[in-house]
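Every number here is computed from the coordinates shown, using simple stated rules; none is lab data. Owing to the predicted nature of the structure, the values given are computational and were not obtained by experimental measurement. Neighbour counts are summed over all protein chains in view; Cβ atoms, including those assigned to glycine, are modelled from backbone coordinates with ideal geometry.
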Amino acid sequence: MYFFYFYPVGINAKKCRQPVLSWFLMVFMLVSFLWLQYFPRLLPLNPADLVFYPGSGRPWTVLTAIFMHGGWLHLLGNLIYFNVFGPVLESRVGSFMFVVYFLVMGVFGNLVHGLAASQGWLGQYGVGVLGASGAIAGLLAFSLVRFHHSRVEIAWWVFAPLMGQNRAGRTKVPLLVAVGLWLLLQVVQSLVASQTGASVSFGAHFGGFFMGLILALSMGQWGEGRQEGLRVKAMEHFRHGAYHASVGYWIEYLEAESGDLTARVELARAQVLTGQAVDGELNYRRAFQQHMHRGAVDKALQVFQEAARAGLVSGFGPDDLARVAHYQEKQLDYAGAASTHERLFKTYLQLSEGKRSLVRLIMLHRGKIEDPVALRHWCRVAETVLPDGGWRDFLEKEFRLEGGLGAAGSEDHPKSRLPGP
């Protein structure tokens, strides 16, 4: 005597959004089961009329049968599988399309059951079918395509008394292994059922599984899954300190997803840690500019600040730095704006943008930042580097009441102090 049983209890794919319709479908299946088992007279409808019988003349039952279950074990088994694979799929393909796929896979599975039952295949001899097993088999196939990079945690039980084995546990295995094991068990059990008969609709299982494969492949889910797999591997390698491998996966991922700016920043971080500072700075700058182009100012500033902390902003042009300083001032980050203006001035001293940043730096210290020492310093710098006319005349005019620009730059001048804001 030998017995092996397992159930999936988790998958390492995260939900991207709240799977509202998955929860609704699970609740609906539970309510339908309670009505069928305990309150069949509550509605003016016989629940038995919703079961699909091949050739019954009620074609809608091929759909309604998906939500009916014959017993608690039947229901709970399907809900366990559904809870593992349904929500993560819904969060990838969208709620509407998820329901469409679920119903199509369930209906096709029931139709295959009808064919098998009419021909006496797989131990099915004219019997009806109820339950979401065909649709859930389709979810397994769909997940196999979409999440081929993922791992599944399974709870298993092996009972082999003649071999002295009675073990149970939980193990994480690749999704391909878990689905392959499930499919192998279906094939073995269906072969036995062909001789002995069966209460399990293997036709619905195989039909739903086949339709799940067809839908997933035809909707491009293999490519989507590959890209997600590259992203997951890149992040996992980064967490484990394998930064060179992380760089390789991010580069491959971005070849197809060049607009994913979060991934570009992650690539820059990995490149910095592998000594590829030039490439890292290039990717920081590209992410910054694309965020600015999209109007995502806050994200652009976060990218710049991260690059600045890493000392990788020498490649940012004067226009880039001017925009950063402008938005920092608008956000009342005067210290950050002063730092950016200082960087722009020192890097592009010979350009008009550099001279303008020096003037703006002085005005920030004069009116927004309580630092008279810095004010005197930058005024002395301005006296040295600014030519007559233009910005120099502007500063002389601004400081006229305080004795002029030279007075503001003199520690001994009685008026050389920073006024309150």
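Each part gets one Cα centre, and for the stretch 142-159 versus the stretch 265-317 those centres are 38 Å apart. Helix 133-146 sits at what angle to the longest principal axis of the chain, using alpha carbons and giving 0 to 90 degrees rounded to 10? With rounding to tens, the tilt is 40 degrees. When a/c reaches 1.5 or more, the comparison of a/b and b/c decides; with that in mind, is the stretch 224-310 rounded, prolate or oblate per its Cα gyration tensor? It is oblate, given that a/c is not under 1.5 and a/b is not larger than b/c. Relative to the longest principal axis of the Cα atoms of the chain, the long axis of helix 372-385 makes an angle of roughly 70 degrees. Relative contact order of the chain, taken over Cα pairs closer than 8 Å and 6 or more residues apart, is 12 percent. Counting only the Cα atoms, the chain fills a convex hull of 217 Å³ per residue. For L181 and V20, the FRET efficiency from 1/(1 + (r/R0)^6), where r spans their Cβ atoms and R0 equals 22 Å, is about 0.10. Across the stretch 124-140, the residues whose backbone nitrogen lies under 15 Å from the label position 7 Å along the beta-carbon direction of F28 are 131-133, 135-136.
Full extension of the chain between S218 and A310 yields a length gain of 28.7 nm, computed as 0.36 nm times the residue separation minus the alpha carbon distance. The stretch between I80 and F394 holds 105.7 nm of extra length on full extension. This uses 0.36 nm per residue minus the Cα-Cα distance. Extending 7 Å from the Cα toward the beta-carbon at both A155 and Y5 defines two label points whose distance is 1.1 nm.
For the stretch 3-219, the equivalent ellipsoid derived from the Cα gyration tensor has semi-axes of 26, 23, 18 Å, listed largest first. For the stretch 224-310, the relative contact order works out to 20 percent when only alpha carbon pairs closer than 8 Å and six or more residues apart are counted. A Gaussian network model of the chain, with springs between Cα atoms under 10 Å, assigns the largest mean-square fluctuation among G259, G94, G57 to G57.
For the stretch 1-114, the convex hull spanned by the alpha carbon atoms encloses 140 Å³ per residue. Highest GNM mean-square fluctuation among L395, L301, L103, for the chain modelled with Cα contacts below 10 Å: L395.
In the elastic network of the chain, a GNM with C-alpha springs shorter than 10 Å, the most mobile of D393, D298, D279 is D393.
Per-residue ellipticity at 222 nm computed for the chain from its helices equals -21000 deg cm²/dmol, with DSSP H segments shorter than 4 residues left out and the rest contributing -39,500 (n - 2.57). Taking Cα atoms only, the orientation of helix 221-239 departs from the longest principal axis of the chain by about 60 degrees.
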